[in-house]
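Undergrad: Here it is, the structure, as structure tokens.
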Amino acid sequence: MVACRLSHTQSVCLLASQLTSLFFIAPVLMAPTQSSMCTPLKTLNESLSQRRRYMKHNFPINYTINVHNKEIFRLSNISRLRSRIEGLNELVLQRLWFQVYQGVLKKIIQVLPQRHPSRPYTAELERRFRDAEGVFVQSHPAEVFQEDLPNKIQDIWDSLTEEPDRVPESSWRFASPKSLLDNLCHTMYCLFSECFASADVQENYCEVSHWRKGRKKDLVPES
């Protein structure tokens, strides 16, 4: 703490003390919260490991649902945004990831009848996703979520939050529930790679080739 040994006014002393406190507190607020964030993401990953069983085996062959084209959010989308937006903050991409897949999970649940064998699984998956989102929000100062987004990110955000009946027909796409959850899983590993890093092998989860060729069954087991 600052010691006010000179004949400054109390207000000057108080200001100096507050500034010194902020100097020590700010790094704590902005420091990565890996341990708290990784726990709910790993729990979510446990549910995703069952996606083949519930999102493929329990659906008709070639079954698809209607989603916004921005909700087909792949590794290639992340790579493209990183290359086109200079100095893009990883936190911005993580915020966008939560916004995208919040809508994806809701759309999958909406098409499932109450007695569909995959409905309880999907509801639990969405609950775990919301738990992870809650920890994500609590892990950062409120001001972070009030900052302006880059224009390209804001355009995507606006598209995702637009009323469905106002979305042009050309903006809708058909995708299988399984492929949507595959995208969710792969992009989660990419954007939160520190939570899934192996101590023995360095993996680049943002590379498409990792999932096509070097796929690790022990990382993302599927039943």
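The values are calculated or read from the model by the stated rules, or taken from the named source; none is laboratory data. Computed from a predicted model, the values in this text were never measured in an experiment. We place every Cβ from the backbone using ideal geometry, glycine too, and count neighbours over all the protein chains shown.
Undergrad: Quickly run through region 107-134 and pick out the residues that are of a type in the set (S, T, N, Q), part of a helix (DSSP H, G or I) and exposed (fewer than 15 other Cβ atoms within 10 Å of the Cβ).
TA: As a first pass, look at region 107-134 and keep what is of a type in the set (S, T, N, Q): 110, 114, 118, 122.
With the extra rule that they be part of a helix (DSSP H, G or I), the set shrinks to 110, 122.
Once the filter is applied, which keeps residues that are of a type in the set (S, T, N, Q), part of a helix (DSSP H, G or I) and exposed (fewer than 15 other Cβ atoms within 10 Å of the Cβ), region 107-134 yields only 110.
Undergrad: Moving on to the next point. Would you check if residue 35 is modelled with pLDDT of 95 or more, exposed (fewer than 13 other Cβ atoms within 10 Å of the Cβ), polar (S, T, N, Q) and in a helix (DSSP H, G or I)? Don't jump to the end; show me each part of the working.
TA: Details: modelled with pLDDT of 95 or more: no; exposed (fewer than 13 other Cβ atoms within 10 Å of the Cβ): yes; polar (S, T, N, Q): yes; in a helix (DSSP H, G or I): yes.
Taking the combined requirement at face value, the residue does not satisfy it.
Undergrad: What are the pairs with Cβ atoms under 6 angstrom where one residue, in region 194-212, is within 18 Å of residue 94 (Cβ to Cβ) and the other, located anywhere, is at pLDDT 90 or above and among the aromatic types (Phe, Trp, Tyr)? Sequence gap at least six, or different chains.
TA: Hits for this filter: 196/189; 205/189.
Undergrad: Additional query: Quick check on this structure: which one of 104, 137, 92, 100 is hydrophobic (A, V, I, L, M, F, W, C), farther than 28 Å from residue 210 by Cβ, part of a helix (DSSP H, G or I) and under 17 Å from the mean Cα position of the chain (by Cα)?
TA: Details: 104 fails: farther than 28 Å from residue 210 by Cβ; 92 fails: farther than 28 Å from residue 210 by Cβ; 100 fails: farther than 28 Å from residue 210 by Cβ.
That would be 137, the only listed residue that is hydrophobic (A, V, I, L, M, F, W, C), farther than 28 Å from residue 210 by Cβ, part of a helix (DSSP H, G or I) and under 17 Å from the mean Cα position of the chain (by Cα).
Undergrad: Confirm whether residue 54 is more than 14 Å from the chain's Cα centre (by Cα), under 16 Å from residue 175 (Cα atoms), loosely packed, with under 15 Cβ neighbours inside 10 Å and of a type outside the set (A, V, I, L, M, F, W, C). Before you say what the answer is, go through the steps one by one.
TA: On the way: more than 14 Å from the chain's Cα centre (by Cα): yes; under 16 Å from residue 175 (Cα atoms): yes; loosely packed, with under 15 Cβ neighbours inside 10 Å: no; of a type outside the set (A, V, I, L, M, F, W, C): yes.
In short, no.
Undergrad: Exactly one of (1) in a strand (DSSP E or B); (2) surrounded by fewer than 15 Cβ atoms within 10 Å (Cβ to Cβ) is unmet by residue 67. Its number?
TA: Tallying (1) in a strand (DSSP E or B); (2) surrounded by fewer than 15 Cβ atoms within 10 Å (Cβ to Cβ), residue 67 fails exactly one: (2).
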